[in-house]
Structures are given as structure tokens and as C-alpha cells.
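A.B. asks: This is the structure, below, for whatever I ask next.
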Amino acid sequence: MKHRALNYFLGDRLSFASRKFDNSTCIIGWGKKGNTKKARRIAAENNLPYFSLEDGFIRSVGLGIKGAPSFSLVVDNCGIYYDATRPSKLENILCTHDFEGNRDLMVKADQAIMLIRQYNISKYNIANEDITTTNIADTPGKNILVIAQTLGDMSLEFGSGNKFSTRQIIDAALDENPGAKVYLKIHPDVIAGKKKSDLNINNVPSSCRVITQDVNPISLLKKFDKVYTKTSQMGFEALLLGKECVCFGLPFYAGWGLTDDRVTCSRRKRKLTVQQVFAGAYILYSCYYNPHLNRESDIIDTLYTIKRYREIEHVNGYVLLLHGFPAWKRFCHLHFFKSYQRNALIFCSTPKKINTETKRKNRNLKLLVWSKPDDSDLNKAATKNNLETYHVEDGFIRSVSLGSDLTTPYSLVVDSRGLYFDPSTESDLEHIYNTYDFPSHTGLLERARKIGKNIVKSKLSKYNNAPHGVLDIDRSTSDKVILIPGQVADDASIRLGGLGMTNRSLIERVRNHNPDSYIIYKPHPDVVAGNRKGNVPPHIVQKYCNLTITNISIDTCINSVDEVHTITSLSGFDAILRDKKVVTYGMPFYAGWGLTTDSRTCPRRARMLTKEELIAGALLLYPRYIHPVTKELCEIELVLEEIKKEQERYKKHPAYRRAKEFRNRTLTTSRKLISQLK
């Protein structure tokens, strides 16, 4: 009964036991499983409260048996929702709650139902949303769906579902809907070979078409007019879509005037709307937990989070051909591409290798390319083999140490359109900025505001190993202080988004346009470390700049100036977070949205964004993150927490710092050797 959210909902004093119940204040068991009989008996004998637990109605992206973390839980002190032989906490809610008087609840219910419909979210969300393989005809006429369940399903035993056979339900669907096309959906656990069905497939009449593909329930239900079921949750999902539902059992949603019931429950006398039953079951009865944030959640956050991680899964759940990834990255990037499905990662060093892999039969392939190389042979291989291609790069909050020191990244972007630093084509990030409905995403902008404040307060940036300090600046003869962050000369953002500008030309141009300003030049840390190109001759820097900074954090530099002038440096984004004026001379991802003064324009960027919307796109919606310790996919808040912890360990424990530096040097040397060998 492992569930990562249990401590959040039930307190920290949990004891998992199979025999000993001493000093217990209550006893908890999982649903109506046979192994809970003794626990329920002991609870009754000792006059202790007994709580039944079950997964909620929106559980996860993947299946629990594949290790997918759960987002929801129900805790019932009366019974359990699928047991209609006795009242449950949910039934009591539906019988007594004043839904009409709880306006906020109903507004949230309406919003959640809209998101479920829009994003096709069900209990499990790993199945394919493309239902074209099911051969459901779009021709005029009525489509009827009969839902088969698994043999021994608890909801059938305790929800009167065993009073009828699935064959009887099929016959009723055929008899009651003359001329309609009747389909039978097989349970996905049966398709996967994990469980047996509640009917013999060979006993299905020829006039009933069988759907054996595992497809998304909401996507499937949208194609039907009417559903026949015993106790399946899909019956309620059909109601959410405005479909008719016939129940040959007593699921939680039957008996409230919404369904055509072939079994009745005398306790359920109230007439409710679909929205009211949804509010009772999915909001009042269910608890939510965000495993990627490691904190309590609610249904709206859960729906958005499942959508986000399902999109990641829809990329990861294939055979992935990885091209252009430096050899050392093969060790640290595997965590970003884990899947709940059977996938594989194949590193292809050449387009020829890609062609070889795609010739193998029965394989679903995607191509992941590091950065955005100008490689015509690679493009030909992708086009020839009709490969869906994604470009991969480090995210904007990367790590404590430098990437050029071969430090494991904590974030990546996986872009299906282009990449954020190439303004010649639309990227996924630009698409987000142009089209995303930020205000309607409840909590997103407030979360972005908090993250921005957290980054500024914690003095964080992409890399976070430079010390903070104070700059000695003489402002007496200057009208303003300007920071010029240097960049790596051959960096992709300069090649593709620099529009011909270099560090030297930027320095000269800024001085010529600001003759009375105090100008600070900060070379890129990778250049200072000697790992990358980009040095500007010292006499040029001395001629045009008042001060050169190499050993102070970018946070200190930005906070010490009035303006930041840059080609495409991420320091411009950092400066926006710190409410500084930013002037761009290339076309970075944050330019063109009304938050910067730009020397160039991009016609595609016509929308005006707020700072919070800029943060939400770049740090919340676009990248994916892994937890620095667990290596599991997570959200930025946990990454920021771990970066701060690592910084504190650097400060307070010299031995830790020396060991870490030695480890980094060793890894850097070995990884560079591997890269050279490759």
C-alpha cells in the first residue's frame, strides 16, 4: 500500500503493519481487498476508527503497476465509493451537501470538467488519444458503446454488477437501439494480459464490433452517443461529455437521476446534476497531491500537471534516436527520457546510423537532436525516414557549476518546432508566448511571480557557482551604469540569433551610443574558464569599458547597474526578473514582447507579455526538470530548493566543496577523454 502522498493526507505517524496493532489510534486499509478483513475486524473489536483508501478518479499519467506516481487519493471513514451495499462518505456527501449554496465549489467543478473535456483526461492517461485505429465510423447514425470490465473487479462484487453478464448488456444494447452500430470496449488490463475479462470474447455476437486497442477513454467516448456499463468510471465520463449512460450496476454516479438504472438503491433519493456529482466525487471526496512538486495540490493543478507530463510521456514513450549528444551527456540525460512504456534510447553518431535503425520493422521512432546543427545529411535522413524530430538543449536554470565543466544539467528543453535561440523559425517557446491563454490557467501566473521572486531573492541564474559581492562603481561622472555580458563566440544563440553582432562590436556600439555612461564588461564564465571561445582583446575592453568583472556573480552585476545591454545573453532575462532596463542587439527569446528595448524586430512576435507570462513560458511550460538528488522528473521549485542546499553545503563545509571540486575535475577529465575517443 505504498503511496507517496499518504503522509501529506494522514499525518506523519503512520505505521505499516500486517500483524501488530498496538498503540494504534485508527486503522487504515486499501479498499475492500481481502487482506483488509482482519484489519477491519480488529478495528471493530477495539472500537477504533477504520479508514478505507483508494486511488482517486484522476490517478496518474501511466499505470500504477508501471511505477507511475499517483496524483489523488480518497480516504473514507464510512465505506468506499464502489461499495453500494452500505453508505460511503461519498454517498453521504451526495445525499446532504448544499451544492447550490457553494458557488465557489461549482465554479471549480465547471472549470475542471472543461479541462477534462479539452485535454482528454481520465483516471489513467497513458493510452493513445488517436482513435483512428479503432475503425469507428464517422458516418451518420447512432454509435453505442458497451464497456467490458475485468473479472473479479471489486466494483462488480460490491456494486451489484455481477447480477448481469456482459453478454446480457450487449444484447440489451442491440435490442434497445435498432439500426445503431454497437461496439464493445475491452479493458486495457485485459489487452495488456494483466487480467481476465468479465466475458468470453468469443461469445460476442458478430453484430457487435470489438475494440481491442488501448485508447484514451475521453477521446473514445466523444465518438459515441450512448454508453452501457456495469460500474465502470467511463460511464460517468460519458455523462461529463453529455452522453446517455445505462447502468447495469450501482456505481457511485447511479441513482441520482442522471442514468438509466437497471439496479436501484433506496438510499439514493436525491436528484443531482452532473456538475454536482462531479463536485462531490472529484473535489469534496478526493484529495490531491502533486508528486512532481512534492506537496498537496487540488484538482485544477492536477489536470494541468497531468497534461504537461503526458506530453513529455508522448515524446519519451518511443524508440528514441539521439543524434549529436556529446558522449558525456549520455550518462546524465537518460533521466530526462524515462518512460512508463517500453522505450529505448539509441545513440546515432551519424545520419547513416539513423537510416540503419529506421530500416528495422515494427518500431515507432522519434529523432532527438542535440542543439540545432546545420547538417544537410541529417535533415535528409529525417525527411527520408519521416521521423518526428525534436531539438534538445539545456534549460534556463541549469546547474550549480558550468556546463562546459561537464556538469550534469537539471533542466532540458525538448522542442518540436525549432529552438528558443533561433529566431529564423518559430520554437515551442515562441508558440507558447504567442498562443497560450495565461490568465485562464488558474494559479500559473501567481506561481510564476513567486518563482521570479525566489530566483531574485536567492540570487540564482543559469549557473550558480560564482561568489556574490559588492562592486565599487564611481557614479559621480556618469549618467548611468550599463552592464555588457559577454557571450561565447561560437555559441548557437550568437550564430543564429546574434544577427552578425560580436562581443567586440557590442562593446563598441554601446560606448558610441552611451558616451557618458559607466560601462561594465563581464566576460562569459565559460570563456574565463578557458573552455570556450569569445575573448575580446584587453586593449579594446580597456578603451571602451570602465570596469571588467570576472569573479563576481551575474546577480551582483545586474543589481549594481541601471541597464543591461546584450546580444542574446540569458543575463537579459535575469535582468528582466530584477526589473532592470534591457536593450537587445540580437533576437533572444525574451525580446519582441514589449519588455525590452530592441534594435531588431521579429514580425511573428506581436503579442505583449507581462513579466509573469515571460517567466511562466520560459521556466514553467517550456522546460522539463529532473530532481538533482532523486533524478526523477520534477518541477522547478524543487530544483531551486536543491540548488540552494548545494550552495549552502559549498559555503559551510570546505571538505564537501573540495570533494565536489575533485569529483568535478575527475568527471570532466574522464568525460573529455571519452569525447575525444568518440
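The values are calculated or read from the model by the stated rules, or taken from the named source; none is laboratory data. Computed from a predicted model, the values in this text were never measured in an experiment. Virtual Cβ from ideal backbone geometry, glycine too; neighbours counted across all protein chains shown.
A.B. asks: List pairs: first in the range 500-529 and closer than 23 Å to A466 by Cα, second basic (K, R), Cβ under 6 Å, 6+ apart or cross-chain?
C.D. replies: D526/R532
A.B. asks: Can you tell me which residues in the range 132-163 are aliphatic (A, V, I, L, M) and not in a loop (DSSP other than H, G, I, E, B)?
C.D. replies: I144, L145, V146, I147, M154, L156
A.B. asks: A148 versus (1) surrounded by fewer than 20 Cβ atoms within 10 Å (Cβ to Cβ); (2) under 28 Å from D214 (Cβ atoms); (3) small (G, A, S): which is the lone unmet condition?
C.D. replies: Of everything listed in (1) surrounded by fewer than 20 Cβ atoms within 10 Å (Cβ to Cβ); (2) under 28 Å from D214 (Cβ atoms); (3) small (G, A, S), A148 misses just condition (1).
A.B. asks: Mind listing whichever residues of the range 341-363 are of a type outside the set (S, T, N, Q), in a loop (DSSP other than H, G, I, E, B) and under 28 Å from the mean Cα position of the chain (by Cα)?
C.D. replies: If the condition is that a residue be of a type outside the set (S, T, N, Q), in a loop (DSSP other than H, G, I, E, B) and under 28 Å from the mean Cα position of the chain (by Cα), then R342, R363 are the ones that fit.
A.B. asks: In the range 78-101, what residues are under 17 Å from T273 (Cβ atoms) and among the hydrophobic types (A, V, I, L, M, F, W, C)?
C.D. replies: Listed by number, the residues that qualify are L90, I93, L94, C95, F99.
A.B. asks: Among residues belonging to the range 28-71 that are in a loop (DSSP other than H, G, I, E, B) and among the charged types (D, E, K, R), point out the one that is nearest to L293 (Cα to Cα).
C.D. replies: Restricting to residues being in a loop (DSSP other than H, G, I, E, B) and among the charged types (D, E, K, R), the top hit is R59.
A.B. asks: Tell me which residues, restricted to the range 131-144, are out of contact with any helix residue (DSSP H, G or I) (no Cβ under 6 Å at 6 or more places or on another chain) and either outside the structural domain of L239 (by TED's automatic domain parsing) or hydrophobic (A, V, I, L, M, F, W, C) (or both).
C.D. replies: Passing the criteria: I136, A137.
A.B. asks: May I ask you to list the residues in the range 73-87 that are of a type in the set (V, I, T), buried (at least 20 other Cβ atoms within 10 Å of the Cβ) and more than 9 Å from G31 (Cα to Cα)?
C.D. replies: Of everything in the range 73-87, just one residue is of a type in the set (V, I, T), buried (at least 20 other Cβ atoms within 10 Å of the Cβ) and more than 9 Å from G31 (Cα to Cα), namely V74.
A.B. asks: Among (1) closer than 21 Å to L614 by Cβ; (2) surrounded by fewer than 22 Cβ atoms within 10 Å (Cβ to Cβ); (3) among the small types (G, A, S), there is one condition S569 misses while meeting the rest; what is its number?
C.D. replies: Status for S569: all satisfied but (2).
A.B. asks: Looking only at the range 88-104, decide whether some residue is modelled with pLDDT under 95, crowded, with 20+ Cβ neighbours inside 10 Å and either over 30 Å from G443 (Cβ atoms) or among the β-branched types (V, I, T) (or both).
C.D. replies: no
A.B. asks: Mind checking which residues of the range 206-241 are at pLDDT 95 or above and of a type in the set (D, E)?
C.D. replies: Of everything in the range 206-241, those that are at pLDDT 95 or above and of a type in the set (D, E) turn out to be D225, E237.
A.B. asks: Only one residue in Y288, Y253 is in a strand (DSSP E or B), in contact with a helix residue (DSSP H, G or I) (Cβ under 9 Å, 6 or more places away or on another chain), buried (at least 24 other Cβ atoms within 10 Å of the Cβ) and not β-branched (V, I, T), so which one is that?
C.D. replies: Checking each option against the conditions leaves just Y288.
A.B. asks: Also: Pairs under 6 Å by beta carbon, first residue over 22 Å from K329 (Cα atoms) in the range 411-428, partner crowded, with 20+ Cβ neighbours inside 10 Å and of a type in the set (S, T, Y), six or more apart or different chains?
C.D. replies: These pairs meet every condition: R417/S427; S427/Y420.
A.B. asks: Test K366 against the stated conditions and say whether it is in contact (Cβ under 8 Å) with a residue 12 or more places away in the chain, part of a strand (DSSP E or B) and on the phi < 0 side of the Ramachandran plot.
C.D. replies: Spelling it out, K366 is indeed in contact (Cβ under 8 Å) with a residue 12 or more places away in the chain, part of a strand (DSSP E or B) and on the phi < 0 side of the Ramachandran plot.
A.B. asks: While we're on this one: Might you check whether a residue that is modelled with pLDDT of 95 or more, in contact with a strand residue (DSSP E or B) (Cβ under 8 Å, 6 or more places away or on another chain), charged (D, E, K, R) and farther than 23 Å from Y590 by Cα occurs anywhere in the range 529-546?
C.D. replies: Looking through the range 529-546, none of the residues is modelled with pLDDT of 95 or more, in contact with a strand residue (DSSP E or B) (Cβ under 8 Å, 6 or more places away or on another chain), charged (D, E, K, R) and farther than 23 Å from Y590 by Cα.
A.B. asks: Still on this structure, I have one more. Tell me which residues, restricted to the range 164-218, are part of a helix (DSSP H, G or I) and either in the same structural domain as K66 (by TED's automatic domain parsing) or under 30 Å from V61 (Cβ atoms) (or both).
C.D. replies: Residues satisfying the conditions are T166, P188, D189, V190, I191, I201, P217, I218.
A.B. asks: Pick out the one residue from V107, V74 that is hydrophobic (A, V, I, L, M, F, W, C), part of a helix (DSSP H, G or I) and under 22 Å from I300 (Cα atoms).
C.D. replies: None of the others qualify; the one that does is V107.
A.B. asks: Still on this structure: Report yes if N200 is among the polar types (S, T, N, Q), more than 33 Å from the chain's Cα centre (by Cα) and surrounded by fewer than 12 Cβ atoms within 10 Å (Cβ to Cβ), otherwise no.
C.D. replies: Here the answer is yes, as N200 does meet what is asked.
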